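Please treat every number below as a calculation from the coordinates, not as lab data. From a predicted model like this one, the values you see are computed outputs, not experimental measurements. Every residue, glycine as well, gets a Cβ built from its backbone with ideal geometry; the counts of neighbours run over all protein chains shown.
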Amino acid sequence: MAESSRTERFKKVVLPHLNAAYRLARWLVRDDGDARDLVQDASLSAFEAIAGFQGENGKAWLLTIVRHACYRWLQRRRRGPPTEEFDETLHGLDDEDIAANQPNEDPVSWLLRDESRQQVCQALERLPPEFREVIVLRELEGYSYREIADIVAIPPGTVMSRLARGRTLLWKHLANRGEES
């Protein structure tokens with residue numbers, strides 16, 4: 001592919017989605033500067049691979065590259081494994097927890113309230129990465145289950161399961177936060 005056509009394709013496929021790429025990276029690595037660096041690295045990788053991109057969804061393709069870059073970075077920094085092993089004793093919830101911590105209101109509606117935004121963000125950051133990423137992709141980025149499954153490379157049923165568990169844990173963290181105040 002000629003350099004000019006590669007550049008034009010990159011501008012069309014990747015550049016419109018840099019803000020979403022940054023938001024995902026920021027939620028995964030929890031640092032603004034590192035997130036910017038990782039998006040820049042992922043953008044360079046996308047530019048180098050743009051000739052091989054055959055799909056229709058440039059945003060999902062870019063976010064997949066960003067996700068992989070973030071997990072490699074986290075692994076190198078020894079801040080934790082790329083995905084934490086699900087430990088039922090740590091992350092598990094019984095039916096009582098689920099019923100008590102899921103009011104009728106969706107966690108996203110909390111984000112719309114200025115007074116709750118910081119609490120929701122703090123609770124979201126406390127979630128294990130595998131739950132945090134699917135919630136960010138679904139609730140903040142608006143992806144379908146199928147798109148999330150493609151980005152994260154897991155079955156759609158696992159996406160739904162992680163969303164349900166993640167939302168429950170999010171509510172649990174929010175409820176506990178209210179008790180700490």
Less than 14 Å Cβ to Cβ from VAL136, Lys/Arg counted +1 and Asp/Glu -1: what total charge do the surrounding residues give? +4
For SER4, SER43, SER161, which order do you get if you count the other beta carbons within 10 Å of each Cβ and list the fewest first? SER4, SER161, SER43
Length gained, LYS11-ASP37, 0.36 nm per residue minus C-alpha separation, equals 7.5 nm
Can you sort TYR143, TYR71 so the residue with the fewest Cβ neighbours within 10 Å comes first? TYR71, TYR143
For THR168, THR7, which order do you get if you count the other beta carbons within 10 Å of each Cβ and list the fewest first? THR7, THR168
